[in-house]
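Reading through the structure tokens given below for one structure.
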Amino acid sequence: MKSLSPAQKNQILNLLDAGQIAHFIASTTGVHVSTISRLCSKECSELQTSLGGCPSKLSPANVRHAMHLISTCKAENAVQITKAFTNIINQHLSPNTVCQHLKKTGMKAVVKRKHPFLSAKHSKAILDFAHAHKD
């Protein structure tokens, strides 16, 4: 295995700092990809690496909009949010995707507790009872 010259090493490090990927650097410099990645791990440990995976279909602004729709009761579940977003982002979107993003923000799926309907007459009767029996 031949060692890299200082000029090659500097060129590779400059390209890594510029944000180029190892395959592109290998094709331009003629150095193998594994050599570049080994050099990167030794010399450039502070560089940000990709976490991998496919990019998210929902932007952070879309997730905030979904939270707003839920909190203002304009949508009750992920299916209704999905229907609203398909017109906005113009691509297929699964309700599970919306549900996962909402879970990441800390929201949970719960069933609302049912409570009786109180009219003005009922609430006045409850208040009168409370005043009459406060002692």
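What follows draws every value from the coordinates through simple rules; no lab data is involved. Note that this is a predicted model, so its numbers are computed, not measured. Virtual Cβ from ideal backbone geometry, glycine too; neighbours counted across all protein chains shown.
Would you mind calculating the gained length between Glu76 and Gln11 on full extension (0.36 nm times residue separation, minus the Cα-Cα distance), in nm to one decimal?
On the way: separation 65, 0.36 × 65 = 23.40 nm, distance 5.56 nm.
Extra length from Glu76 to Gln11 when fully extended: 17.8 nm.
Compute for region 60-104: radius of gyration divided by Kirkwood radius, i.e. Rg/Rh, restricted to C-alpha atoms, rounded to two decimals. Mind showing how you got there, number by number?
Numbers: Rg = 9.3 Å, Rh = 10.3 Å.
With Rg and the Kirkwood Rh in hand, the quotient comes to 0.91.
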Mean Cβ-within-10 Å packing, highest first, puts peptides 89-100, 115-126 in the order 89-100, 115-126
Report, in whole Å, the centroid distance computed from the Cα atoms of region 103-132 and region 1-47.
65
If you keep only loop residues by DSSP, which GluC sites (Glu not before Pro) in region 37-103 have at most 12 other Cβ atoms within 10 Å of their Cβ?
Glu46, Glu76
How big is D, in µm² s⁻¹, for the chain by Stokes-Einstein at 4 °C and 1.567 mPa s if Rh is the Kirkwood radius over C-alpha pairs?
62
Could you give the dipole magnitude of region 28-135 about its Cα centre, charging the beta-carbon of Lys and Arg +1 and that of Asp and Glu -1, in debye to the nearest 20?
420
In Å, what is the Rg of the alpha-carbon atoms in region 80-135, and how long is Dmax?
21.7, 64
